[in-house]
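I have placed the structure first, in the form of structure tokens, so that the comments after it can refer back to it.
What follows is calculated from the coordinates using simple rules that are stated; it is not laboratory data. Remember, it's a predicted structure, so these values are computed and weren't measured experimentally. As a convention, Cβ positions derive from the backbone with ideal geometry for all residues, glycine included, and neighbour counts pool all protein chains shown.
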Amino acid sequence: DGRRLVKYDGFWLPEIAVRPIFSAQRYFKAKDSDIILTSIPKSGTTWLKALVFSIANRNVISIDQSPLLTSHPHTVVPFLEFNLYLFQENPHLQDLPSPRIFTTHMPFKILPDSIRESECKIIYICRNPLDQFVSHRHFLLENKIEKDAVPLDIDAAFDLFCQGIHPFGPFWDHILGYWNAGLKNPEKVLFLRYEDLKEDITPHVKKIAEFIGSPFSPEEEKQGVVDQISRLCSFENLRNLEVNKNGYILKVLKNSSFFRKGEVGDWINHLTPAMAERVKDLLVSKFDGSGLIFKI
Ligand code: A3P
């Protein structure tokens, strides 16, 4: 995509993420109570962070006091790899209150061993490849992530994407890693699709709560807590918060760039039917026999 990628264990990692990932693999010790949110960038990570943080902390912080109202979700639930990069300087991360919630873009097989081996929970979110590609492209154009990186033109970037050369790609292998892990151990990995959450958020808020072992009580349901959380974490609400209109993450990423359109199917405004066909064919061959489908 114009940034340098490094192939490691079958995946294309942004060069800037390699050291943090190795650091996480080496130092991170998962606790059974941890919740790890995983995704390919631009698949709905920010939304998932806001939801899981709000659900997990609903008995600790009232919704109108949520730190999400004054901080970007990436600050409230930071990235595992970027935290651990600073791990020696930040040993108190070890003592964060339970459940500790972290996010990472690492593929399943690259995760620190202790995440796979402990009882901690993994929640994965994915998104159809065309919208992910378009969202990613806008994000790159909006933020100067690397000083000297020049984004490729859209055709070249798309061609590389289809070859699997994309940050944290191949796209299909990233998704299949978590999909298969979820099939094997549904108690461990919850597999979500952005499009399903957009279609109806309510059952997903409940599903996440059940999955992390804190289902909504009939009392809470009666009080409308599920709706309150859904509304707090909605695209419109998060996007319109002052903190998300201004402000930067790590001094280079604009908070606002995490809330662009928040729609399903925006690819149609940016990609040709021939590009879509190419991806549809790829999806059929890559996901053949897996039981996984994307409606495009
Ligand atoms: P678009 O660029 O298509 O608008 P990530 O959080 O993984 O970086 O993904 C960003 C994408 O999720 C962006 O997609 C962004 O607009 C969308 N998004 C962010 N918050 C959302 C929310 N609360 N509900 C729905 N979509 C959201």
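Here are a few things to note about the model shown:
- Contour excess over end-to-end distance, with Cα ends at SER285 and ILE16 and 0.36 nm allotted per residue: 93.7 nm
- Prolate/oblate/rounded call for segment 198-296, Cα gyration tensor, a/c under 1.5 rounded: oblate
- Nearest-0.05 FRET efficiency for GLN65 and ALA156, computed from C-beta distance (R0 41 Å): 0.30
- When each of the peptides 232-239, 123-130 is scored by how many other beta carbons lie within 10 Å of its residues on average, the order from highest to lowest is 123-130, 232-239.
- Approximating the spin labels as points 7 Å out from Cα along Cα→Cβ, the GLN223-to-HIS138 distance works out to 3.6 nm.
- Values of log10 I(q)/I(0) for segment 229-268 across q = 0.16, 0.22, 0.35 Å⁻¹ run -0.46, -0.75, -1.11, by the Debye formula with one identical scatterer at each alpha carbon and no solvent.
- Computed from the alpha carbon atoms alone, the convex hull of segment 1-87 holds 128 Å³ per residue.
- THR104 long-range amide H proximity, modeled H, under 5 Å: LEU37, THR38, SER39, LEU80
- Built amide H within the under 5 Å cut-off of TYR248, gap 5+: ASN255
- Per-selection Rg to Rh, segment 108-177 - Cα, Kirkwood hydrodynamic radius: 1.05
- Normalised contact order of the chain, rounded percent, pairs of Cα under 8 Å and 6 or more residues apart: 26
- For ARG137, ARG116, the sequence from fewest to most other C-beta atoms within 10 Å is ARG116, ARG137.
- Computed helical MRE - 222 nm, the chain, DSSP H runs ≥ 4 contributing -39500 (n - 2.57), nearest 500: -12500 deg cm²/dmol
- If the segment from ILE268 to LYS29 were pulled out straight at 0.36 nm per residue, it would be longer than the present Cα-Cα gap by 81.8 nm.
- Among SER118, SER285, sorting on how many other beta-carbon atoms sit within 10 Å of each Cβ, with the fewest leading, yields SER285, SER118.
- Under Stokes-Einstein, with the Kirkwood radius over Cα pairs as Rh, the value for the chain at 20 °C and 1.002 mPa s is 109 µm²/s.
- Distribution of pairwise C-alpha distances over segment 53-207, 10 Å bins, in %: 8, 30, 38, 21, 3
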